[in-house]
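To start, the structure under review is shown below, and the notes come after it.
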């Protein structure tokens with residue numbers, strides 16, 4: 001056994017964060033740990049490296065190569081340097097912004113090799129992780145997210161570790177990059193016969209890479225099995241929820257009641273001027289959204305899909321009136337807008353926005369009731385009673401009771417907060433809701449219920465959605481029409497069936513291939 | 001989950017902070033002594049009793065008497081009151097003018113923000129105490145002019161702190177949500193941003209309060225602040241300096257009082273910063289690692 005964890009307890013104060021888990025990893029084995037945020041999966045990994053925060057209390061036994069982890073920090077550092085490599089979630093904050101990529105790789109080689117060897121090995125490592133030599137000359141901010149993660153992998157591989165620990169290595173990346181990084185890890189582990197501890201909340205990512213899987217729930221290892229077995233025959237209730245959440249259930253296409261256009265975007269273009277430094281040449285303006293036109297019918301759900309940076313969020317901000325297009329106009333309910341930054345009140349009532357991050361979309365110092373009633377300011381004619389009634393109805397229709405209104409945002413879980421964010425979006429009874437990645441910040445097990453809620457609200461209230469996402473599977477469960485966006489342009493527009501069965505544009509094909 | 005417990009325990013935890021406890025208790029004792037002097041002092045300080053001057057500590061005069069035979073304890077109490085009032089009003093001027101300026105600068109941006117920032121830089125470019133001396137020298141020495149002079153230099157401090165805090169709040173989604181709900185910049189600044197930077201302002205106020213007490217002492221010491229027959233700690237220092245070699249206690253006592261008040265206020269400020277600023281809290285480890 002390369003690593004054996006026996007009855008590991010980790011606690012902060014009274015509450016145990018890791019509650020007696022045991023597992024083992026053979027040399028060359030790939031083991032995946034699945035769990036949602038706060039389940040203790042990262043802490044378990046940190047414990048193996050001896051990198052737990054100072055105020056954490058640890059009990060139980062961890063054996064590495066059949067030896068208990070050394071007590072002294074110096075020996076532990078040796079063990080880490082020679083045998084364990086680690087890759088983190090956020091490559092930007094794990095890299096030094098003031099050092100070139102190759103210098104950071106070379107740094108981890110310094111202890112082991114002479115100067116001449118370092119240069120050669122750095123180049124070899126860059127090649128192994130699929131980068132060119134000139135990438136080594138760049139600083140972290142000059143690399144893309146995927147390239148940064150490749151640099152991180154090269155650093156982790158520098159000392160030829162026997163075990164590679166990956167802590168959510170792809171959750172900050174878009175789907176296509178995620179797939180390439182997973183393929184790279186697969187290749188490297190095969191090639192080096194290296195053991196892998198892969199930590200993720202994403203069952204698909206774990207299953208595609210690891211033969212064995214452990215499922216963590218509130219600090220306990222509730223199921224341990226091969227990944228095939230987990231998918232075919234999940235035993236624990238929580239695993240069942242996870243497996244079901246990863247299955248795509250496509251609702252039948254619904255007949256639209258009307259065929260008039262509720263919302264039309266005509267030739268929308270957004271150009272960002274880049275500030276030039278005093279003496280330097282003027283920088284080229286960035287065209288974020290490039291001559292985009294589309295329409296949404298009453299009660300239709302349209303999805304806008306594309307990789308990060310394709311301009312989809314910029315488009316969303318313009319539609320709800322947080323920004324104005326450089327040229328082009330929108331029209332909603334036959335009223336045009338887009339010349340000025342903010343919408344007029346009667347029009348602003350008809351369009352609302354649900355944000356990606358439910359933790360960030362409520363003022364922590366305001367009660368939920370105050371936050372939810374805020375959009376009602378747009379309608380001066382409402383009496384206090386009517387406002388109260390509208391808030392009660394909104395909370396009820398997202399499946400929460402009205403006593404949540406006196407509580408503060410920190411007292412709710414992520415899923416509940418996203419429900420409340422949806423409640424805020426529907427409280428002014430808008431005709432169109434723009435949803436910017438509504439489930440990507442949520443744990444996998446609760447994504448399904450939020451999507452169900454969206455479908456339910458649409459059939460009940462007849463609202464139209466513009467759903468913005470990078471995830472085709474998720475989109476398929478809600479949308480009637482999918483638009484694929486790339487570099488500011490809409491490159492493909494079709495029904496979900498058509499997109500999945502007969503993709504035309506290369507990006508659409510790439511997005512489909514990146515699904516796990 | 002742990003965040004709920006964290007909030008409920010914040011006062012308990014703050015109390016467990018040693019320097020906060022010492023600072024708060026000390027500051028409150030001095031503030032109480034000062035407030036009591038409005039209604040009652042052990043002896044009337046407006047009555048001169050030359051025959052009793054330069055007395056040492058005794059059961060009637062706990063800290064002795066000064067060159068006019070006034071009770072030192074009573075003098076210190078009402079001197080501290082003047083110092084506190086000057087500093088408090090000066091901080092309030094900074095808080096009431098500087099904070100809105102900073103908040104509005106952050107939420108409106110553009111030319112208004114530029115003006116506020118340049119105004120700040122202009123005020124910061126002069127050493128505060130020197131400028132205060134100029135102001136009181138021009139408009140005549142008095143406690144009110146001292147208040148105004150110290151207050152003016154509190155404005156840029158609060159403007160800067162609140163603008164900095166506001167900028168970190170303003171990028172949150174809930175500000176965008178408020179904007180979509182029809183709130184204008186002015187509304188957003190006071191309804192959404194202000195409650196979120198309150199802790200920053202509380203900490204800054206306690207620091208500025210101690211600086212204000214020092215500034216008042218400095219101005220009175222050079223004769224530009226409080227004028228006799230009113231008294232203040234700085235004025236007591238000034239009046240006793242010519243007697244220092246003969247009767248050192250007359251200078252040491254107000255000096256020690258100033259030191260103690262400033263020290264307690266700073267300790268309380270540091271403690272408040274630790275208790276209120278989540279970035280400095282150590283128990284966040286679970287949230288970041290879990």
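The values are calculated or read from the model by the stated rules, or taken from the named source; none is laboratory data. No experiment lies behind these values; they were computed from the predicted model shown. Please note: Cβ atoms are built from the backbone with ideal geometry, for glycine as well, and neighbour counts cover all protein chains shown.
Condition (residue is away from every other protein chain (no Cβ under 14 Å), surrounded by fewer than 21 Cβ atoms within 10 Å (Cβ to Cβ), modelled with pLDDT of 90 or more and in a helix (DSSP H, G or I)) applied to region B:157-165: is it met by at least one residue?
yes
Return the residue satisfying two criteria in turn: it lies in region A:290-324 and is in a helix (DSSP H, G or I) and away from chain B (no Cβ under 14 Å), and of such residues it is farthest from residue A:510 (Cα to Cα). So that I can check it myself, show each step before the final result.
Step one: of region A:290-324, the residues in a helix (DSSP H, G or I) are A:312-320.
Then drop every residue that is not away from chain B (no Cβ under 14 Å), which leaves A:312, A:315.
On the way: A:312: 18, A:315: 22 Å.
Checked region A:290-324; the qualifying residue farthest from residue A:510 (Cα to Cα) is A:315.
Looking at (1) within 14 Å of chain A (Cβ to nearest Cβ); (2) buried (at least 19 other Cβ atoms within 10 Å of the Cβ), which is the one condition that is false for residue B:185?
Residue B:185 satisfies all of (1) within 14 Å of chain A (Cβ to nearest Cβ); (2) buried (at least 19 other Cβ atoms within 10 Å of the Cβ) except (2).
Give, as residue ranges, the strands (runs of 3 or more DSSP E) completely inside region A:1-112 that count at least 1 residues that are surrounded by fewer than 17 Cβ atoms within 10 Å (Cβ to Cβ) and away from chain B (no Cβ under 11 Å).
Values: elements: A:3-12, A:15-25, A:30-34, A:57-64, A:84-87.
By residue number, A:3-12, A:15-25, A:57-64.
Only one residue in A:366, A:380 is crowded, with 17+ Cβ neighbours inside 10 Å, within 14 Å of chain B (Cβ to nearest Cβ) and not in a helix (DSSP H, G or I), so which one is that?
On the way: A:380 fails: crowded, with 17+ Cβ neighbours inside 10 Å.
The unique qualifying residue is A:366.
For residues that are surrounded by 16 or more Cβ atoms within 10 Å (Cβ to Cβ) and closer than 25 Å to residue B:27 by Cα, tally how many sit in region B:241-254.
Going through region B:241-254 one residue at a time, the tally reaches 5.
Please find, among B:134, B:129, the residue that is over 21 Å from residue A:410 (Cβ atoms), more than 14 Å from chain A (Cβ to nearest Cβ) and out of contact with any helix residue (DSSP H, G or I) (no Cβ under 6 Å at 6 or more places or on another chain).
Values: B:129 fails: out of contact with any helix residue (DSSP H, G or I) (no Cβ under 6 Å at 6 or more places or on another chain).
Just one listed residue meets the conditions, B:134.
Please verify whether residue A:187 is touching a strand residue (DSSP E or B) at 6+ places or on another chain (Cβ under 6 Å), surrounded by fewer than 19 Cβ atoms within 10 Å (Cβ to Cβ), under 30 Å from residue A:229 (Cβ atoms) and assigned by TED's automatic domain parsing to the domain that holds residue A:108, treating the condition exactly as stated. If you could, list the steps in order and put the result at the bottom.
On the way: touching a strand residue (DSSP E or B) at 6+ places or on another chain (Cβ under 6 Å): no; surrounded by fewer than 19 Cβ atoms within 10 Å (Cβ to Cβ): yes; under 30 Å from residue A:229 (Cβ atoms): yes; assigned by TED's automatic domain parsing to the domain that holds residue A:108: yes.
Criteria not met by residue A:187.
Considering (1) facing another protein chain (nearest Cβ under 8 Å); (2) part of a strand (DSSP E or B); (3) over 20 Å from residue A:311 (Cα atoms), say which one residue A:336 fails and leave the rest.
Against the list (1) facing another protein chain (nearest Cβ under 8 Å); (2) part of a strand (DSSP E or B); (3) over 20 Å from residue A:311 (Cα atoms), residue A:336 comes up short only on (1).
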